[in-house]
1. Checking the conditions here, which among Ser128, Ser113 is over 22 Å from the mean Cα position of the chain (by Cα) and among the hydroxyl-bearing types (Ser, Thr, Tyr)?
2. Which of the residues that make up the range 1-47 are β-branched (Val, Ile, Thr) and over 16 Å from the mean Cα position of the chain (by Cα)?
3. Check whether at least one residue in the range 168-184 is charged (D, E, K, R), touching a Leu at 6+ places or on another chain (Cβ under 9 Å) and under 29 Å from Gln109 (Cβ atoms), and report yes or no.
4. Being crowded, with 17+ Cβ neighbours inside 10 Å, over 25 Å from Val120 (Cα atoms) and in contact (Cβ under 8 Å) with a residue 24 or more places away in the chain: is that true of Thr40 here?
5. When only residues in the range 1-20 that are of a type in the set (A, V, I, L, M), in contact with a strand residue (DSSP E or B) (Cβ under 8 Å, 6 or more places away or on another chain) and assigned to a loop (DSSP other than H, G, I, E, B) count, which is surrounded by the fewest Cβ atoms within 10 Å (Cβ to Cβ)?
6. Of everything in the range 88-129, what is in contact with a Leu (Cβ under 8 Å, 6 or more places away or on another chain), over 17 Å from Glu157 (Cα atoms) and of a type in the set (Asp, Glu)? Give them in sequence order.
7. Name the pairs: first residue in the range 169-194 and on the phi < 0 side of the Ramachandran plot and in contact (Cβ under 8 Å) with a residue 12 or more places away in the chain, second residue basic (Lys, Arg) and not in a helix (DSSP H, G or I), Cβ to Cβ under 6 Å, at least 6 apart or on different chains?
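No value in this document is a laboratory result; all are computed from the given coordinates. None of these values were measured; they are calculated from a predicted model. FYI the Cβ positions are ideal-geometry reconstructions off the backbone, even for glycines, and counts take in every protein chain you see.
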Amino acid sequence: MQRRGLLLILSSPSGAGKSTLARRLMEWDPAIRFSISATTRKPRPGEEDGVHYYFKGREDFERMVAAGEMLEHAEVFGNFYGSPMGPVQAAMAEGRDTLFDIDWQGGQQIRNSALGRDVVSIFVLPPSIAELDRRLRGRAQDTEEVIAGRMAKSRDEISHWAEYDYVLVNDDLDKAFNDLLIILQAERMRRDRQPGLSDFVRGLNKEFEAR
C-alpha cells in the first residue's frame, strides 16, 4: 500500500547538530528528497540550477509567491529565498518524504501552508549553552565576531521550541539519530498517511462475506 509522503522539518540553533542529522537521515534512506530552495541571487562558480538552487529572476520569484507556489520564503541580504511547492507535491504523490533544513520562521510558514497537515516538525536542542559554544568554536571556521552573532541568535531560535511536534536533545549523536528514525517511522505509519488502507479493509470484509 503506497502512503502519502510527508514534509519533515528540522530546525535548531547553529551548532546543535541539525545538518549532521539531516545528512545521516538521507544516507539511511536515499529516497528522501532534500528540499532545494529557489533564490534570486546569482549562481556561484560550480553551482547548478536544479541541483544546488533553483535560480530565478526577481520578477519570476515574486510571481510564484503571488500565485501561492512557494511554501515559505524570506528576503536575506537583498535576495529572496524560498521553497517551491511543485517538487514537494510531486514527491508526496510518489510516497516520498521531503526534508527541510530551515529555521523556525520558514517552518512556521510551511506549517501554515496548504500542505501543513502533512508536516512533521522536529527541533534539535544542544545539551547546554556551554556545549553549543564549544561546538561552534570546534568547527574552526568562524571568527569570534561570527560566533558571537550565532550565539546571540541562538537564544531567539531556542525560544520557539514549543512550536514543534517533537524536540530532540542532541547530547549523543547516535541516540539523537535513533530517536529521529523512531519519529519518522512512526509518522510514516499513521493511518491518515496510508490512503490505501480503506480499500485494503474493504477487501478483508469481502473475504468475511465470502466465507
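1. On the way: Ser113 fails: over 22 Å from the mean Cα position of the chain (by Cα).
The unique qualifying residue is Ser128.
2. Initially, the range 1-47 is screened for residues β-branched (Val, Ile, Thr), giving 9, 20, 32, 36, 39-40.
Selection gives Thr39, Thr40.
3. Yes, because at least one residue in the range 168-184 is charged (D, E, K, R), touching a Leu at 6+ places or on another chain (Cβ under 9 Å) and under 29 Å from Gln109 (Cβ atoms).
4. When the stated conditions are applied, Thr40 passes them.
5. Within the range 1-20, the subset of a type in the set (A, V, I, L, M) is 1, 6-10, 16.
Checking which are in contact with a strand residue (DSSP E or B) (Cβ under 8 Å, 6 or more places away or on another chain) leaves us with 6-10, 16.
Now narrow it down to the ones that are assigned to a loop (DSSP other than H, G, I, E, B): 6, 16.
Details: Leu6: 23, Ala16: 27.
Applying the filter and picking the extreme gives Leu6.
6. Matches in the range 88-129: Asp97, Asp118.
7. Arg193/Arg3; Arg193/Arg4; Gln194/Arg3
Table: residues versus (1) more than 18 Å from Val120 (Cα to Cα); (2) touching a helix residue (DSSP H, G or I) at 6+ places or on another chain (Cβ under 8 Å).
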| residue | (1), (2) |
| --- | --- |
| Glu59 | yes, no |
| Arg63 | yes, no |
| Ala66 | yes, no |
| Gly86 | yes, no |
| Gln89 | no, no |
| Leu99 | no, yes |
